[in-house]
1. Output the residue which, of all residues in region 180-200 that are assigned to a strand (DSSP E or B) and not hydroxyl-bearing (S, T, Y), is most open to solvent (accessible area, probe 1.4 Å).
2. For region 203-227, give me each residue that is open to solvent by 40 Å² or more (accessible area, probe 1.4 Å), within 10 Å of the ligand (Cβ to nearest atom) and touching a Leu at 6+ places or on another chain (Cβ under 9 Å).
3. Away from the ligand (no atom under 16 Å from the Cβ) and over 12 Å from the mean Cα position of the chain (by Cα): does that describe K260?
4. Looking at region 252-273, can you tell me whether even one residue there is touching a His at 6+ places or on another chain (Cβ under 7 Å) and either closer than 21 Å to G4 by Cα or open to solvent by 20 Å² or more (accessible area, probe 1.4 Å) (or both)?
5. Does any residue of region 34-57 turn out to be surrounded by 24 or more Cβ atoms within 10 Å (Cβ to Cβ), under 22 Å from F125 (Cβ atoms) and within 16 Å of the ligand (Cβ to nearest atom)?
6. Of the residues that sit in region 73-107 and are of a type outside the set (S, T, Y) and within 16 Å of the ligand (Cβ to nearest atom), which one is nearest to H133 (Cα to Cα)?
7. Using the structure shown, decide if V136 is in a loop (DSSP other than H, G, I, E, B) and under 16 Å from the mean Cα position of the chain (by Cα).
8. With the checklist (1) without any contact (Cβ under 8 Å) to a residue 40 or more places away in the chain; (2) touching a Gly at 6+ places or on another chain (Cβ under 9 Å) in hand, flag the one item P86 doesn't pass.
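The values are calculated or read from the model by the stated rules, or taken from the named source; none is laboratory data. Since this is a predicted model, take the numbers as computed values, not measurements. So basically every Cβ, Gly included, is an ideal-geometry build from the backbone, and we count neighbours across all protein chains shown. Just so you know, the surface numbers come from the protein's heavy atoms only, side chains and all, with ligands and any DNA or RNA stripped out. Shrake-Rupley method; radii C 1.70, N 1.55, O 1.52, S 1.80 Å.
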Amino acid sequence: MNVGILGTGHYVPTKVMTNKDMEKIVDTTDEWIRTRTGIEERRFAEDGIDTSDMSYHAAKEALKEANISPEEIDLILVATVTPDTPFPSVACTIQDRLGATNAAALDIGAACAGFVYGLVTATQFVKAGAYKHVLVVGADKLSKIIDWEDRSTCVLLGDGAGAVVVGEVGEGKGVLSFELGSKGSGGKDLLQNKEGFMEMNGREVFKFAVRQMPESTVNVVEKIALAKEDVDYLVPHQANIRIMDAARERLGISSDKMAKTITKYGNNSSASIPMALSESVKNGNIKDNDLIVLVGFGGGLAWGAAAIRWGV
Ligand code: UT7
């Protein structure tokens, strides 16, 4: 059975914070942030909007695009490291709000790789014949864990959510291969500290990411007997434009063939990939039959990639 993405959706908070706004909070400059990260502005959730609210809106859009009713969802997976509460899970909260009365629900924690982990897990359930439709959301309200005294991390992060509906697709389409991996020994380099804030050894994570992204991308295309030249569009985790460009250049992929939402949204952890995917579908950068690769890495350390032949 071919299993793929039937619809995409995303939610972008309306509160914009530019680099100039960040200059008023920490000792930084617009110039440093732009040149070192590629970020120009980021979005933060409005007061009273939590991870489940953003997830709900992204999910609604994905269901609409997929033309699937809430009752037809068998399972909801929400990738997040900033749930409203550890329990009830975000997945259960949106199960109720969507009216997905037939769905099982759980959250997945694999940080910036979480959405790819969710997508791959969903695909297996459908391939096995256990479920027909799985809703996969990647959502994070990173503003909850920003250390406003740490200029090396606070300028990077933003809030948002993205979602997809996974189900059966036509011959040759869908998720063709994947790779998931972890290296817990590197967990100390990117974590939530005792104060509850995100803490990162930026240089170590940078080195890891620059190696991992192209390697995982090549691995997933080689698994289906294709080559990096066959990739039509790359949707990488949006952590730093320099990491993304280094990976892209190693793969020989031109700049117009890579999603770059980081400029407007910063790093949204679990939400970066599904937001970038949904935007790329809506703005026509991803077309029917394109070979796309989603690739993410982050806290854990954990990483994941998936090669998808786009379309239903
Ligand atoms: O999604 C999870 C995965 N996360 C990532 O992939 C992030 C990976 N890492 C990075 O993107 C980069 O390492 C950072 C953007 C975090 C930092 O960039 P960098 O080029 O590696 O800078 P650095 O840490 O080597 O710091 C260079 C200088 C330092 O000053 P000194 O020690 O050279 O005087 C920092 O204190 O830049 C300084 N610096 C800043 N200056 C102005 C760090 N943050 C800032 C800032 N504004 N916001």
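1. Q192
2. Residue satisfying the conditions is E204 alone.
3. Against the criterion (away from the ligand (no atom under 16 Å from the Cβ) and over 12 Å from the mean Cα position of the chain (by Cα)), K260 does not qualify.
4. Yes.
5. no
6. A79
7. When the stated conditions are applied, V136 does not pass them.
8. Here P86 clears every test but (2).
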